[in-house]
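What follows is one structure encoded as C-alpha cells, with my remarks underneath.
The values are calculated or read from the model by the stated rules, or taken from the named source; none is laboratory data. Given the structure is predicted, the values throughout are model-derived calculations rather than measurements. Glycine gets a Cβ as well: all are built from the backbone with ideal geometry, and neighbour counts include every protein chain shown. For the accessible areas, the whole protein counts, side chains as well, though only heavy atoms, and no ligand, DNA or RNA atoms are used. Shrake-Rupley method; radii C 1.70, N 1.55, O 1.52, S 1.80 Å.
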Amino acid sequence: MSTTSMSNPSQGRSQGVWALAWKRMKTDRVGMFCLGLVAAFSLLVLLAALDVVGKNWQQEVGVPNAPPHFVGPKPPEALGVIEVPKGPPVDISDIDPLAPKYKEWEEAAKKYATEEAPRHETLPFGGDRLGRDIVQKVIKGAEVSIVVGLFAALVATTIGTLLGAISGFFGGKIGDALEWVYNVFTAIPSILLIFAFAVIFGRGILSVVMILGLTGWTGVYRLVRAEFMKHRQREYVRSAEAIGASTGSRIFKHILPNVSHVSLVQLSLLVVSFIKSEVILSYLGLGVSVDQVSWGTMLAEAQSELILGYWWQLAAVTVTMAVFVTAFALFTDALRDALDPKLRGLE
C-alpha cells in the first residue's frame, strides 16, 4: 500500500448521489441563479411570517385605488373633491331653526374627534380599493401562497412517492390494494374531491394544504411505481440484497435516490399547479380565511378593479407569481438533470 493511500484512506471512496448531484448542479449557471431567487423568496416568506416585513398590509395608507408613483396622482375630480364656494356664509336661521345650534354641536364634537393620518395620493406600486399598499399585500400574500403551494406539493409528493415505492417494490396483494386506492381517487373528478375535503377540513391555510395534498398525489404515485418496478430487478439492487441490505435500505438508500428526479419534476409541477388551485379555492370561498391575504385573493380583487382601469394590483401579483413559479420550475429542472441517472451515464 502506498504512503498516499495510507495518509488519505477516503481518497478512493466514491462520492454519494447527492454529493455528485451538487457538484453537477454548481456547473449550471441558470440553475444556481434560480436557486438564489428561490432562496430569496424563501427568506421573504420567513421574514413575513415573523412580521418583519408585510405586517402593515391591512393599514389604509393611501386614497382608494391610489396609483403608483410613476403614474402620478389622480385628478381632484377623480378623488371626489368638491370645491367650496367662496363668499360670506349665508344666514339660514330663518329657514332652519336648528342653525344656531350647529356651531355649538361642532365644538362639542371636536372633543370626541379622532385624528386620522393623512393618506398618500400615490404609493410605490399603487393601492387597492381601500387604500392598502400593494407592495405590503404582495409580500404578505407570498407568505400564504408559497407556503400553501410548497407544503401541499410536499404532502402530495411524499404520499405519492411512498405509496408508489411500496407498490412498485413489493407488488402482489400490496400492489393490488394500492392500485385499488389509486383507481378510486382517479375515478372521482378532482373538483368533487376538493369540495368533499373542503367540507371536512373547513377554511384556513392548513386546510388548503391538506385538501390539495390529499387530492394531488396520484400522478406522482403512477410514475414512481413504474420506476420502482423497473429498478427493483437491476443488478445494483440485487447486489445490495446479496450483501444483506434490508428492504428499507434497498428502497430508500438504493432505488429512491436513482428515481428521485421523477419526484422532483412532479414536485415542481405541483407547486405551480397548487398555487393556481389556491387562487380558485380562494375565489370560491374555500381557501384562506377572510382576514388573510394571498395571491389568490389579490387576483380575485383585481378582477373588479381592472374593469375600472386600476391595473396595478393585477400587474404586481402576476409579475411576482410569474417570477417565483418560473424560478422554481427552472431550479427543480436543473436539480432533476443533476440527479438523472441517464445524464450521469449510469444507464
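With the requirement that a residue be closer than 30 Å to A66 by Cα, open to solvent by less than 10 Å² (accessible area, probe 1.4 Å) and polar (S, T, N, Q), what does the range 121-179 give you?
The one that is closer than 30 Å to A66 by Cα, open to solvent by less than 10 Å² (accessible area, probe 1.4 Å) and polar (S, T, N, Q): S145.
What residue, among those in the range 31-59 that are of a type in the set (F, W, Y) and open to solvent by less than 40 Å² (accessible area, probe 1.4 Å), is nearest to K140 (Cα to Cα)? Write out each step before concluding.
Taking the range 31-59 as the starting set, the residues that turn out to be of a type in the set (F, W, Y) are 33, 41, 57.
This time we only want the ones that are open to solvent by less than 40 Å² (accessible area, probe 1.4 Å), so: 41, 57.
On the way: F41: 12, W57: 7 Å.
The selected residue is W57.
Given the conditions (1) at pLDDT 90 or above; (2) of a type outside the set (K, R); (3) surrounded by fewer than 14 Cβ atoms within 10 Å (Cβ to Cβ), report the number of the one that V220 does not fulfil.
Just one mismatch for V220, condition (3).
For the range 246-264, indicate whether the set of residues that are closer than 23 Å to I194 by Cα and open to solvent by less than 30 Å² (accessible area, probe 1.4 Å) is non-empty. Spell out the reasoning first.
Within the range 246-264, the subset closer than 23 Å to I194 by Cα is 263.
Within this subset, residues satisfying the condition of being open to solvent by less than 30 Å² (accessible area, probe 1.4 Å) are 263.
Yes, the range 246-264 contains a residue that is closer than 23 Å to I194 by Cα and open to solvent by less than 30 Å² (accessible area, probe 1.4 Å).
Does the range 280-298 hold any residues that are open to solvent by 30 Å² or more (accessible area, probe 1.4 Å) and among the hydrophobic types (A, V, I, L, M, F, W, C), and which are they?
I280, L284, L286, V290
Name the one entry in L206, L214, L193 that is among the aliphatic types (A, V, I, L, M) and open to solvent by less than 30 Å² (accessible area, probe 1.4 Å).
Values: L206 fails: open to solvent by less than 30 Å² (accessible area, probe 1.4 Å); L214 fails: open to solvent by less than 30 Å² (accessible area, probe 1.4 Å).
Every option except L193 fails the conditions.
Read through the list (1) touching a residue at least 40 places away in the same chain (Cβ under 8 Å); (2) closer than 23 Å to F195 by Cβ; (3) buried (at least 22 other Cβ atoms within 10 Å of the Cβ), then give the number of the only condition that F328 fails.
If we test F328 against (1) touching a residue at least 40 places away in the same chain (Cβ under 8 Å); (2) closer than 23 Å to F195 by Cβ; (3) buried (at least 22 other Cβ atoms within 10 Å of the Cβ), just (2) comes out false.
Of L267, L306, which residue is in contact (Cβ under 8 Å) with a residue 60 or more places away in the chain and either open to solvent by 50 Å² or more (accessible area, probe 1.4 Å) or within 30 Å of L20 (Cα to Cα) (or both)?
Numbers: L306 fails: in contact (Cβ under 8 Å) with a residue 60 or more places away in the chain.
Of L267, L306, the one residue that is in contact (Cβ under 8 Å) with a residue 60 or more places away in the chain and either open to solvent by 50 Å² or more (accessible area, probe 1.4 Å) or within 30 Å of L20 (Cα to Cα) (or both) is L267.
Could you count how many residues in the range 142-171 are under 13 Å from R225 (Cβ atoms) and assigned to a helix (DSSP H, G or I)?
Of the residues in the range 142-171, 12 are under 13 Å from R225 (Cβ atoms) and assigned to a helix (DSSP H, G or I).
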